[in-house]
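Every number here is computed from the coordinates shown, using simple stated rules; none is lab data. Computed from a predicted structure; not experimentally measured. Every residue, glycine among them, receives a Cβ derived from its backbone with ideal geometry; neighbour counts consider all protein chains shown.
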2 protein chains.
Amino acid sequence: MSVTAPKGFRAAGVAAGIKDSGNKDLTLVVNDGPLDVAAGVFTRNKVKAAPVLWSRQVLQTGRVRAAVLNSGGANACTGPEGFQDTHATAEHVASVLGVGAVEVAVCSTGLIGARLPMDRLTEGVTTAAGRLDSSAEAGLDAAEAVMTTDTVPKQAQAGTNGWTIGGFAKGAGMCAPNMATMLSLLTTDAVLDQAQADAALRQAVDATFNTLDIDGGTSTNDTVLLLCSGASGTAPDQDEFTALLTTVCRDLVEQLQADAEGVTKHVTITVRGAATDHEALLAAKAVAEDNLCKTAFFGSDPNWGRVAMAVGNAPTDFDQSKLDITINGVEVCLAGTAAEDRHKADLSGKDITVEVDLHAGDGKATVLTTDLSHSYVEENSAYSS
Amino acid sequence: MSVTAPKGFRAAGVAAGIKDSGNKDLTLVVNDGPLDVAAGVFTRNKVKAAPVLWSRQVLQTGRVRAAVLNSGGANACTGPEGFQDTHATAEHVASVLGVGAVEVAVCSTGLIGARLPMDRLTEGVTTAAGRLDSSAEAGLDAAEAVMTTDTVPKQAQAGTNGWTIGGFAKGAGMCAPNMATMLSLLTTDAVLDQAQADAALRQAVDATFNTLDIDGGTSTNDTVLLLCSGASGTAPDQDEFTALLTTVCRDLVEQLQADAEGVTKHVTITVRGAATDHEALLAAKAVAEDNLCKTAFFGSDPNWGRVAMAVGNAPTDFDQSKLDITINGVEVCLAGTAAEDRHKADLSGKDITVEVDLHAGDGKATVLTTDLSHSYVEENSAYSS
């Protein structure tokens, strides 16, 4: 169920002492090859963490031998010194593993604006290197050591025709991935070249991670990496690989949604009939990010007027006299006015679907989000994260 | 302290039975002249309420003799029938007052998607017409009858050189005015022509109502109207009038911020050094609308990393290595990295100021917002509004 499922990968997750809690906080994943093909996508936030700046450079080579990930500190807004910390981390991993620093991707997650405790981190790397293993337990350790406000680790895997894809992800708040989610590492033993890996990753991420929007907060550290060992010896069809990679990513995204901060509802918002897919996405995100819609979801209230208000604020063209809104299968708004009694839409369960038809074109998009609950407010006001 | 302060205006606020609570819910304001000059600004939401569609047409004539406003129902997403209700309301006001329907502006606020109880509403208009008065008490009644989740009426007035401006406003949630806030009516006895009134209103609203952002939810009903009676006989200088109108509007906006749903903090966000004023406004709004920033404000937590994340997500160009953030006077982030200890920024009081300098130009904007508290969630999830 993890990054160690495909052949050619070893992983470890240890408690390096970066987190005060003493929980696991450092993950090391090594690609033993024979291939070292890699692709990555990174946050579009203009404020980028040091590990994002570093790993973007590494990924330009299209090759990664190892990835080191820490929780307990984002290493964002830490200036040249923070970048130097990331560089030193890669250098240390490289020397321990006998590879080049430019072959080591680095990811961090946690509080923005604080330097990392480098002594503990490098010692943790050494410890993790000694525990590298291809077992499922090692994969689970790796998935656990990247958790912050996550309450459960998120892992997924799928395989066909002799090759396999595995992966983990983390992220519960500040989570509106744009190019990527907070942190996710995917592995495969399929034989791919860099162009194939890159194209598959971008397509899969666009269809999955980029449709998740918990709170509109695209983080400074969002990263998704795909490492290919080629150890299966099998070269899949590109479409087949992309489809399976999308399946694994969707699995992870659903786990992220289910474990979002303060979540009590899993909300799926689909907008159809926009002028373009992009306008449909913007309209769906406008609903997903609107606090009046989100509190109505929390209150199990099929208040479709708030959905109409939110869609009307999106940069999306439509004629309000054609607006249809369906909530949990009940057509509550037809041609811009009340239709079925909204109280027929029973939102007392955990799953809510909102379908909007703008009748302005063929554009379509679906966004996954959550409600805005007291627990979200509590979790995000009670301490710095 | 109200719309009846300038000479030439009478007002009334009555309980017409539109609200189940039995509270006042219908306001009538009449301009007795000699002038009937008027200007109005309306929501930019693509979903516009019937009274907005009606009043936009009325305001194209530049003349308004009376305004009727109701709470207890927004008359939005009500289709052609809802527009007919608004038209019938204007016709009834016109017949009772002996003016033309096209001289009557209509505003509504309340739940989106429900028709108004027209029998009660028209009866309420007749009652209100019988109670029209130029007293401060009548002005207060008028301000009270537009309240929805507002806990206090909001009134303001200012005068100089023999002429006066008065006004009221309502709005506590679904409040991110774009052209106007939920509902505000301003009156003056200054002598102005339509072009002067229009220019002054647009300038004042841009500098005040449009800088308030409680929850990003630009409503379907936002309207600000300015009615000029000219009864003072004094024609002010344009700049002088605009300045005083801006003062009155700012007073109302500060009252809206203070009474926002669930508010525990009054937050002022200033962004300097953007490429343009517009980019500065977008960056300030990105912070104002970000739930991670808003929950941190609620928790009195000077978590500037969340401010950096939010600004980085705005469509605003800047170099993260030049980003400065000051919270309550403490420079917590300098040149993109931690500066003063953030715990020196004491946010335990009610007022929080966030100053961001992007060092990318001369653009500047200030936005007023609030925190995201348990009360906001409670108020917006507990019942439909």
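The table below gives the values:
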quantity: Separation of alpha-carbon centers, region A:326-349 and region B:1-58, rounded to whole Å; calculated: 32
quantity: Ascending count of other beta-carbon atoms within 10 Å, so fewest first, for A:His374, B:His92; calculated: A:His374, B:His92
quantity: Lys/Arg +1, Asp/Glu -1 at C-beta; chain B dipole; positive extreme among B:Gly110, B:Ala90, B:Thr4; calculated: B:Ala90
quantity: Cross-link table B:Lys46/B:Lys170; A:Lys48/A:Lys170; B:Lys322/B:Lys364; B:Lys170/B:Lys294; B:Lys265/B:Lys364; A:Lys24/B:Lys322, entries beyond 25 Å C-alpha to C-alpha; calculated: A:Lys24/B:Lys322
quantity: Shortest-first distances to equivalent copies, position B:Lys344, nm, label 7 Å out along Cβ; calculated: 6.3
quantity: Mean separation of Cα contacts under 8 Å, 6 or more apart, over the residue count of chain B: relative contact order %; calculated: 18
quantity: Stokes-Einstein translational diffusion, the protein assembly as shown - Kirkwood Rh over all Cα pairs, 0.692 mPa s, 37 °C, in µm²/s; calculated: 120
quantity: Ascending list, in nanometres, of distances separating the B:Asn23 label from those of the other copies (7 Å, Cα toward Cβ); calculated: 4.3
quantity: All Cα pairs of region A:274-385, percent lying beyond 26 Å; calculated: 19
quantity: Orientation-averaged projected area, Cα convex hull of region A:141-299 (nm²); calculated: 10.0
quantity: Percent of Cα pairs exceeding the 34 Å cut-off, where the set is region A:9-256; calculated: 6
quantity: Radius of gyration and Dmax over the Cα atoms of region B:208-305, both given in Å; calculated: 17.0, 55
quantity: For chain B, share of DSSP beta bridges that run antiparallel, in % to the nearest 5; calculated: 70
quantity: 7 Å along Cα→Cβ, label-point gaps from B:Val152 to other copies, nm, shortest first; calculated: 4.8
